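*Asks:* Encoded as structure tokens, here's the structure I'll be asking about.
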There are 2 protein chains.
Amino acid sequence: MNRTLTLNGHEAAVLAKAAFMAGLDHDEAEGLRACATVLLCDPHDVLFEEGDKAAYFYCVLSGYIRLYRHNGDGRQADIRICEPSDSFAECLIHADETYSTGAQAMDHAVLACFHIAKVRRLLDERPRIGKAIMRSLSLHLISTMECLASDRMQTAPQRVANYLLTHCVEDGAAASLRLPFPKNLLARKLGLAPEALSRAFSTLKTRGVTVRGRAIAISDINVLRQI
Amino acid sequence: MNRTLTLNGHEAAVLAKAAFMAGLDHDEAEGLRACATVLLCDPHDVLFEEGDKAAYFYCVLSGYIRLYRHNGDGRQADIRICEPSDSFAECLIHADETYSTGAQAMDHAVLACFHIAKVRRLLDERPRIGKAIMRSLSLHLISTMECLASDRMQTAPQRVANYLLTHCVEDGAAASLRLPFPKNLLARKLGLAPEALSRAFSTLKTRGVTVRGRAIAISDINVLRQI
């Protein structure tokens, strides 16, 4: 379901936090918003498949979007879980004609869809917007390289510990967090099978990590740092 | 060792093939070249470490450069092997102050080093160069996502088979190639330990892949496609 870009206050604030909006003045941001429509997704809706002709790049306003690739024999690999304020597929503005991954909504999701041909025309008039998009692409490249390095270097418990340590709220030696999404999305984000995530949490239990649904308690953050 | 940008014909041709030079007119290309100096590296020279303050982005003119990250306990993960015409660290033009990986020469290498502060000033005058750099960043992002997907989805023999299939010269059902670099660089490129690469080649031997030094012969390309 598609509607023109009328955002509620929360959605507008989420969009304003996107990396490709950073540093733009009022007119530039307005020009970019004028290239967008809003898309409402149901859980498991596929936005596009790898190889589809590219028409839009996207910013998540609420919900979660999974980017994935598939190989010949029907298996898929998750590449990125996009959260609110994350954008994806801007790499198609100047580099490609077709989407290089598939994209699927993981729950009810709201997206701002930026029409690539319109954004290209806008960039010719307002090159400073190009700088903001270049910054967004650069941050994606850096975080994808980090993800690759962590896959190549960290065990499953280390990947989970790293996620917990970078997302928790400390309270003295202890810390806690509430996962913003179900555990199966955490597994996909970390490149783990669901069973591998469960085994990692079992290992971490011996290091003082307690999991109750999405609520996670860490009894001693320094112990976790030594995984 | 550093010299100003006087390139021989071969080096100039390699630089002209870089993604960030694509589509530039004579004056734009000249403006960009004026931001560069040439660096000659000995094998194992470290260009920069992760976290160093960023001053340059680079284009490989000859040789190979390894990009890597390290974790707390001294281990390293290879992220990318840059070949001639490949550029790296352009993501620092608009996104960061410090290098997000380390970089090391793997043999005698010649690099064009683009002074980031000069390139930033040039981009303000000539926004079309920004488009070319955005394209280069986009291609890096797409290839890094492909690498992540292949790590998450393919076994070691599948990764090697995929490399062979995308780099070989076909001759009927048979095919052959000569690795442009030593096998230890292929292992790093594919995210494999050297022993894992050896085991993968042993597996592929049963599928008609013969390795003699850097020369690789494939007896039946269709058999290899089914790995």
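*Asks:* Quick check, is B:Ala200 at pLDDT 95 or above, of a type in the set (Gly, Ala, Ser), open to solvent by less than 50 Å² (accessible area, probe 1.4 Å) and not assigned by TED's automatic domain parsing to the domain that holds B:Arg80?
*Replies:* yes
*Asks:* Run A:Met145 past the list (1) more than 9 Å from chain B (Cβ to nearest Cβ); (2) under 30 Å from A:Asp96 (Cβ atoms); (3) of a type in the set (A, V, I, L, M); (4) open to solvent by less than 20 Å² (accessible area, probe 1.4 Å) and report the number of the one that doesn't hold.
*Replies:* For A:Met145, the exception is condition (1).
*Asks:* Could you tell me which of the residues B:Arg178, B:Arg159 is away from chain A (no Cβ under 14 Å), without any contact (Cβ under 8 Å) to a residue 60 or more places away in the chain and among the charged types (D, E, K, R)?
*Replies:* Every option except B:Arg178 fails the conditions.
*Asks:* Let me ask you something else. So which residues in the range B:72-131 are in contact with a Cys (Cβ under 8 Å, 6 or more places away or on another chain) and of a type in the set (Phe, Trp, Tyr), if there are any at all?
*Replies:* Residues satisfying the conditions are B:Phe88, B:Phe114.
*Asks:* Kindly list, by first and then second residue, each pair from a residue in the range A:51-63 that is under 21 Å from B:Glu146 (Cβ atoms) and in a loop (DSSP other than H, G, I, E, B) to a residue that is open to solvent by 40 Å² or more (accessible area, probe 1.4 Å) and among the polar types (S, T, N, Q), limited to pairs with Cβ atoms under 6 Å and residues at least 6 apart or on different chains.
*Replies:* If the second residue must be open to solvent by 40 Å² or more (accessible area, probe 1.4 Å) and among the polar types (S, T, N, Q), the pairs left are A:Gly51/A:Thr98; A:Ala54/A:Thr98.
*Asks:* Yes or no: B:Arg214 closer than 30 Å to A:His94 by Cα, open to solvent by 20 Å² or more (accessible area, probe 1.4 Å) and under 22 Å from the mean Cα position of the chain (by Cα)?
*Replies:* Spelling it out, it is not the case that B:Arg214 is closer than 30 Å to A:His94 by Cα, open to solvent by 20 Å² or more (accessible area, probe 1.4 Å) and under 22 Å from the mean Cα position of the chain (by Cα).
*Asks:* I've got another one for you. Cβ-Cβ distance below 9 Å, separation of 6 or more or different chains: which pairs start in the range A:100-116 with a residue that is within 14 Å of another protein chain (Cβ to nearest Cβ) and end on one that is open to solvent by 30 Å² or more (accessible area, probe 1.4 Å) and among the hydrophobic types (A, V, I, L, M, F, W, C)?
*Replies:* Close Cβ pairs satisfying both conditions: A:Gly102/A:Val46; A:Gly102/A:Leu47; A:Ala103/A:Val46; A:Ala103/A:Leu47; A:Ile116/A:Ala55.
*Asks:* Among the candidates A:Ala89, A:Ala109, A:Ala132, A:Ala95, which residue alone is at positive phi and outside the structural domain of A:Ala187 (by TED's automatic domain parsing)?
*Replies:* Result: A:Ala89 is the single residue among A:Ala89, A:Ala109, A:Ala132, A:Ala95 that is at positive phi and outside the structural domain of A:Ala187 (by TED's automatic domain parsing).
*Asks:* Return the residues of the range B:148-174 that are open to solvent by less than 10 Å² (accessible area, probe 1.4 Å) and out of contact with any Lys or Arg (no Cβ under 9 Å at 6 or more places or on another chain); say none if nothing qualifies.
*Replies:* B:Val160, B:Leu164, listed by residue number.
The values are calculated or read from the model by the stated rules, or taken from the named source; none is laboratory data. Fair warning: this is a prediction, and the values are worked out from it, not measured in the lab. Neighbour counts run over all protein chains shown; Cβ positions are idealised from the backbone, glycine included. These area figures cover heavy atoms from the full protein model, side chains too; ligands, DNA and RNA do not enter into them. Shrake-Rupley method; radii C 1.70, N 1.55, O 1.52, S 1.80 Å.
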